[in-house]
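Trainee: Sharing a structure here in structure tokens format.
The values are calculated or read from the model by the stated rules, or taken from the named source; none is laboratory data. These numbers were taken from a predicted model, which means no experiment stands behind them. Here the Cβ positions follow ideal geometry from the backbone for every residue, glycine too, while neighbour counts run over all protein chains shown. Surface areas here come from the heavy atoms of the whole protein model, side chains and all, with no ligands, DNA or RNA. Shrake-Rupley method; radii C 1.70, N 1.55, O 1.52, S 1.80 Å.
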Amino acid sequence: MTENAEVSSHGTGGRGSRLLLVRPRGELDWESAQEFAEQVGAAVERCPDLVIADFSDVTFADSSSLHTLFDAHRRLAAAGGRLVVAGPLSPGVQRLFEVSATTDYFHFAPTAGAAAAGGPAKSPTSEGR
């Protein structure tokens, strides 16, 4: 694992569920998104109840990151788990979700702590409205 990302395991979330936190940093372009995809895939393989993708330190993300999140969401949902994208999101990352019309597809939380406590917002922009 490089210094551009971090994966943490936590015994319980706010509701007693096992959770994993994936915290990418910087730009998630095609090249760096490959590592992000491997980390998220490894987290999903551990079958947690909740995976939090903390994007608070991500300055840019492209469609390859979005594909990784789609795949993780699908796999976790099939196993009874959940993926939450945590912020606060940078304007560029927020725009990725808006332009791709995925703000209603993913679960979002204003922070990783809020996600762990079980309080996801409906969309990445609902916190500020």
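Trainee: Condition test on GLY87, is it surrounded by 14 or more Cβ atoms within 10 Å (Cβ to Cβ) and at pLDDT below 95? Walk me through how you get there before you give the answer.
Mentor: Details: surrounded by 14 or more Cβ atoms within 10 Å (Cβ to Cβ): yes; at pLDDT below 95: no.
So GLY87 fails the test.
Trainee: Here is a further query. Here's a check for you: in region 51-84, which residue that is open to solvent by 10 Å² or more (accessible area, probe 1.4 Å) and part of a loop (DSSP other than H, G, I, E, B) is nearest to ALA33 (Cα to Cα)? Break it down stepwise before answering.
Mentor: Looking only at region 51-84, we keep the residues that are open to solvent by 10 Å² or more (accessible area, probe 1.4 Å), and these are 56-57, 59-60, 62-64, 66-68, 70-71, 73-75, 77-82.
Within this subset, residues satisfying the condition of being part of a loop (DSSP other than H, G, I, E, B) are 56-57, 62, 79-81.
On the way: SER56: 16, ASP57: 14, ASP62: 8, ALA79: 24, GLY80: 25, GLY81: 22 Å.
Only one residue tops the list, namely ASP62.
Trainee: Still on this model: For region 85-117, name all the residues that are within 22 Å of TRP30 (Cβ to Cβ) and either of a type in the set (A, V, I, L, M) or in a helix (DSSP H, G or I) (or both).
Mentor: Taking region 85-117 as the starting set, the residues that turn out to be within 22 Å of TRP30 (Cβ to Cβ) are 85, 89-102, 105-106.
Across region 85-117, the qualifying residues are VAL85, LEU89, PRO91, GLY92, VAL93, GLN94, ARG95, LEU96, PHE97, GLU98, VAL99, ALA101.
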